[in-house]
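Participant: Attaching a single structure in structure tokens format; questions to follow.
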Amino acid sequence: MGAKPGKAYIPTTKTETSSAFAQAFASSLPIFFGYVPLGIAYGLLFQELGYPWVFATLTGAIVFAGSAQFMSVGLLAAKAGLTEIFLTTLFLNLRHLFYGFSLFKRYQASWWKKLYLIFALTDETYSVLTSKQLNSASEDQQYCFFVSALNHFYWIAGCTIGALIGSQLNINTAGFDFALVALFVVLTIEQAKKVKRLFPFVIALVAWTVAFQFPDSWKLFLALSICFLLISTPVILRGVRND
Amino acid sequence: MTEIMYVTGSIVVMTLATFLTRSAAFFFLRKSKSGFVHEVGLYLPPAVMLLLVVYCLRNVDFSKAPFGLVEMLSVVVVVLLHLWKSHALLSIGLGTALYVVFLRTDILPQIF
């Protein structure tokens, strides 16, 4: 099992008899355990701002960006200007710029489905989708759609529940958000198994060592940019040498 | 600006910023340079995943008690569990449960 030169090797399943939806459901189940507690945590925090609970639902449904939503709670509490909220969200989510590279070929469905897929491209959805691809293109498109939609639903549910019960009950959610860390750890291991190379991880640590020196809102985007540069430069150089 | 207008406005600008970042790659890649996109698409995800792990733990203070042991131990448990059973739900569930227990109780200082 190895990558064909110049062709991305995304592992395809051999004989899957279960439907695209069933597989999507199975793949998104870990996300369920991350998104619902995290969404509830967000809902609880949001509810403390004093806005009607339905706005937590709307934010979860329309923005659908966990880290940005958490940051926004602090900004809204401080009555930050809309420009500042826009820029902060932009910088925090700049890492999504790179996700399209890996999913570009697979997101070729009808225009409205493609639009939704792009809209719903979160870290977790990206992680799940890049670790598995179905054999037939049409099945894979359904798979991508269902994974995205299910994750979206879990997140909306979490945000709503959190905001609704936040005022009623005093739930101690301390530590629940570790589910997200655990999820990323699991996905890192899955990626390591597929790629079987050390260098992407070395690059990640090098990138982080550099990016860590910068202010918090810059860290992630910088680290990702450095990763992107370090990974794509050898590819470009190799292409140039072969011309 | 009323409160409702303000929070609605915040949703609008956040959605705009988010969708801008998510759709950017799809606009740049109209004419796809096949090999480049594929290779980057193959090796970028693993780097990104590790990055996200580190990013989530960036605020952990390793210089003061408990010296990040709570997080590190929980991560190690997740890693070992997943290498052993390859069951995502198990790894995440147990790892998180352990973290919550460590976080809320005094077990760790008593062991070390």
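The numbers here are math on the coordinates, done by the rules we state, and not lab data. The structure presented is a predicted model; accordingly, all values stated were derived computationally and were not measured. We place every Cβ from the backbone using ideal geometry, glycine too, and count neighbours over all the protein chains shown.
Participant: Take chain A, connect every pair of alpha-carbon atoms lying under 10 Å apart with a spring to form a Gaussian network, then pick out the residue of A:158, A:60, A:166 with the largest mean-square fluctuation.
Facilitator: Result for chain A, Cα springs under 10 Å: A:166 fluctuates most.
Participant: How long is the gain from residue B:85 to residue B:4 if the chain were fully straight, where each residue apart is worth 0.36 nm and the alpha carbon distance is subtracted?
Facilitator: 24.3 nm
Participant: Now, a different point. Take peptide A:130-139, look around each residue's Cβ out to 10 angstrom, count Cβ atoms belonging to other protein chains, and average those counts.
Facilitator: Per-residue shielding by partner chains comes out at 1.
Participant: Just checking the output field for B:95-104: average partner chain Cβ neighbours within 10 Å of each residue's Cβ?
Facilitator: Per-residue shielding by partner chains comes out at 5.
Participant: Which order do peptides B:81-90, A:225-234 fall in by mean Cβ count within 10 Å, highest first?
Facilitator: In decreasing order of mean packing, B:81-90, A:225-234 become A:225-234, B:81-90.
Participant: Which whole-number percent gives the relative contact order of chain A, counting Cα pairs below 8 Å spaced six or more residues apart?
Facilitator: Over chain A, the number comes to 35 percent.
Participant: Out of residues 5 or more away from residue A:133 or on other chains, whose amide H comes under 5 Å of its own, with H placed 1.01 Å from N in the peptide plane?
Facilitator: When sequence neighbours closer than 5 places are left aside, the close amide H contacts are A:13.
Participant: Computed FRET efficiency, Cβ-Cβ of residue A:169 and residue A:54, R0 25 Å: what is it to the nearest 0.05?
Facilitator: Efficiency, from the Cβ-Cβ distance: 0.85.
Participant: Could you rank the peptides B:54-62, A:138-146 by their average count of other C-beta atoms within 10 Å per residue, with the highest value first?
Facilitator: Packing order, densest peptide first, comes out as A:138-146, B:54-62.
Participant: In debye, nearest 20, what is the charge dipole magnitude of the protein assembly as shown about its Cα centre with +1 on Lys and Arg Cβ and -1 on Asp and Glu Cβ, if you could check?
Facilitator: Taking the Cα centre of the protein assembly as shown as origin, the dipole is about 1360 debye.
Participant: Show me, for the stretch A:189-194, the HN-Hα J-couplings you get by feeding each phi into the Karplus relation (A = 6.51, B = -1.76, C = 1.60, θ = phi - 60°), rounded to Hz, glycine and proline as x.
Facilitator: Using θ = phi - 60°, the values come out as 4, 4, 5, 4, 5, 6 Hz.
Participant: Right, here's the next one. Once both axes come from the Cα atoms, what is the angle between helix B:69-85 and the longest principal axis of chain B, in degrees from 0 to 90, rounded to 10?
Facilitator: Orientation of helix B:69-85: about 80 degrees from the principal axis.
Participant: What residue among A:160, A:89, A:120 has its Cα farthest toward the positive end of the dipole of chain A, where the charges are +1 on Lys, Arg and -1 on Asp, Glu, each on the Cβ?
Facilitator: A:120
Participant: Which one, A:239, B:77, A:148, is farthest towards the positive end of the dipole of the protein assembly as shown when Lys and Arg carry +1 and Asp and Glu -1 on their Cβ?
Facilitator: A:239
Participant: Additional query: Nearest 500 deg cm²/dmol is fine: what mean residue ellipticity at 222 nm does chain A get from its DSSP H runs of n ≥ 4 alone, each adding -39,500 (n - 2.57), divided by its residue count?
Facilitator: Rounded to the nearest 500, the figure is -23000 deg cm²/dmol.
Participant: Follow-up. What angle do you read, to the nearest 10 degrees and between 0 and 90, between the alpha-carbon axis of helix A:66-77 and the longest principal axis of chain A?
Facilitator: Result, in degrees: 30.
Participant: From a point 7 Å beyond the Cα of residue A:26 in the direction of its Cβ, which residues of the stretch A:181-199 have a backbone N at a distance under 17 Å?
Facilitator: Hits in the stretch A:181-199 for residue A:26 at 17 Å: A:190.
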